[in-house]
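Below is one structure, written out as structure tokens; the observations come after it.
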Amino acid sequence: MVSKMNLDKTVSSILIVILVAAFIATVYIIVNPSSGDKFTELYILGKDNKAGNYPTNLSTYETGNITIGIVNHEQSIITYNLVGILNGKTISNQNITLSKDETKQLNSIFQPTQIGNNQILEYKLYKLPDNVNVYRSVFIHLHVK
């Protein structure tokens, strides 16, 4: 039969080992946090920086103005290429470098030159050095009279 004193020592030893293991695990998690998901946000804002109220009903050569937002959640510094396209024609092209968790909002001004409904204003984002495969894209439809 095991004495009460030996049982107390055994239980105490087990508790100390568990506490030391918990402490080591806590330190490891603090020193090496999980990196989480890696992704980039790309969005369009309209009037008053709202997700809506886009200038979608315009006349030819009337100026439209929107904001393009990019947020880097890639866990590192990333250089992007943002290309604006209106009806298949490039209207803007710029490289943007963002640090981890940095947000950039860019004003984009455009002028449709032809009449027609369902014209597409699209922004394609490339994650460089890959300038062939579109990483993210957003678009709105324009109705031009």
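Structure notes:
- Within the range 10-41, backbone nitrogen closer than 11 Å to the virtual label 7 Å beyond the Cα of GLN75 toward Cβ: 33-39
- Calculated FRET efficiency for the pair PHE39/VAL17, C-beta based, R₀ 41 Å, to 0.05: 0.50
- Axis of helix 4-31 versus longest Cα principal axis of the chain: the two differ by about 20°, to the nearest ten degrees.
- As a rough footprinting exposure proxy, the listed residues LEU19, LEU121, LEU128, LEU86 were ranked by other beta carbons within 10 Å of their own, and the order from fewest upward is LEU19, LEU128, LEU86, LEU121.
- Tail beyond 17 Å, pair distance distribution of the chain (Cα, percent): 69 percent
Any read-out appearing in this document is the output of simple, stated calculations on the displayed coordinates, not a laboratory observation. Every value quoted in this text rests on a predicted model; they were computed, and no experiment measured them. In this analysis, Cβ positions are derived from the backbone assuming ideal geometry, glycine residues included, and neighbour counts consider all displayed protein chains.
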